[in-house]
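Accompanying notes for the structure given below.
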Amino acid sequence: MVFSTIKMEYTDARKYHRLRKDEQLNKTRIVYNELGDGKTLDVGCGTGISNKLFSNIIGIDPSKELISINPGICKIGKAEELPFENDSFENVICITAIHNFEDIEKGLSEMKRVGRKFGFSILKRSSKYDFIIEKIKKSFVVEKEIDEGIDMILICEKRE
């Protein structure tokens with residue numbers, strides 16, 4: 001299934017951070033409590049909310065504006081082209097960002113390639129929700145599903 005490309009541009013990263021900080025931190029806390037604090041990649045890291053919990057974390061995000069206020073280690077880039085070696089990370093997290101990927105299947109494949117355990121938070125009201133859930137369940141072993149309210153959180157391992 002092909003979706004139209006959505007290019008997310010943020011003109012005010014600080015405003016975005018203030019509006020979404022508590023909501024995103026709550027989802028990240030749920031994922032952190034399930035995965036633990038190993039070497040972690042945050043795909044769609046934005047302003048660095050996950051840095052408050054994970055101590056050994058690297059982020060990647062296509063938005064220069066959001067990354068400009070991220071206090072952690074991060075790179076400009078896309079989920080579909082992760083610049084990391086296979087199995088580089090104990091954890092890969094993606095909090096409410098998968099629906100923004102240009103190619104969801106490729107993004108999921110790349111995250112699977114570089115990680116061992118996964119925490120995905122999927123926006124339930126996204127028109128791509130069912131497609132995303134289907135692709136995750138096909139590519140990963142889902143250990144736990146947590147209905148957070150706004151998002152469905154899936155804790156996963158690789159499906160070989």
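The values are calculated or read from the model by the stated rules, or taken from the named source; none is laboratory data. Since the structure is predicted, the reported quantities are computational estimates derived from the model, not experimental observations. Please note: Cβ atoms are built from the backbone with ideal geometry, for glycine as well, and neighbour counts cover all protein chains shown.
Remarks
- Any hit, region 58-72, residues being at pLDDT 95 or above, of a type in the set (S, T, N, Q), in a loop (DSSP other than H, G, I, E, B) and over 14 Å from the mean Cα position of the chain (by Cα): no
- Out of Gly46, Gly36, Gly119, one residue alone is of a type in the set (Gly, Ala, Ser) and at negative phi. It is Gly119.
- Qualifying residue in region 99-113 (condition: among the β-branched types (Val, Ile, Thr), touching a Ser or Thr at 6+ places or on another chain (Cβ under 8 Å) and buried (at least 17 other Cβ atoms within 10 Å of the Cβ)): no
- Residues satisfying the stated conditions in region 39-57, i.e. surrounded by fewer than 24 Cβ atoms within 10 Å (Cβ to Cβ), under 15 Å from Gly115 (Cα atoms) and of a type in the set (S, T, N, Q): Asn56
- Verdict on Glu160 being modelled with pLDDT under 95, exposed (fewer than 15 other Cβ atoms within 10 Å of the Cβ) and not hydrophobic (A, V, I, L, M, F, W, C): yes
- Residue pairs meeting the criteria (Cβ under 9 Å; at least 6 apart or on separate chains; first assigned to a helix (DSSP H, G or I), in region 29-50; second among the acidic types (Asp, Glu)): Ile30/Glu148; Glu34/Glu143; Leu35/Glu90; Ile49/Asp42; Ser50/Asp42
- Pair list, Cβ under 7 Å, 6 or more apart: region 81-100 residue under 20 Å from Glu34 (Cβ atoms), other residue surrounded by 23 or more Cβ atoms within 10 Å (Cβ to Cβ) and among the acidic types (Asp, Glu): Ile93/Asp42; Thr96/Asp151
- Candidates Ile136, Ile155, filtered to the one that is of a type in the set (Val, Ile, Thr), farther than 23 Å from Leu53 by Cα and either surrounded by 17 or more Cβ atoms within 10 Å (Cβ to Cβ) or in contact (Cβ under 8 Å) with a residue 40 or more places away in the chain (or both): Ile136
- Qualifying residue in region 77-98 (condition: at negative phi, in a loop (DSSP other than H, G, I, E, B) and of a type in the set (A, V, I, L, M)): yes
- As for region 3-25, it holds no residue that is modelled with pLDDT of 90 or more, in contact with a strand residue (DSSP E or B) (Cβ under 6 Å, 6 or more places away or on another chain) and more than 20 Å from Lys78 (Cβ to Cβ).
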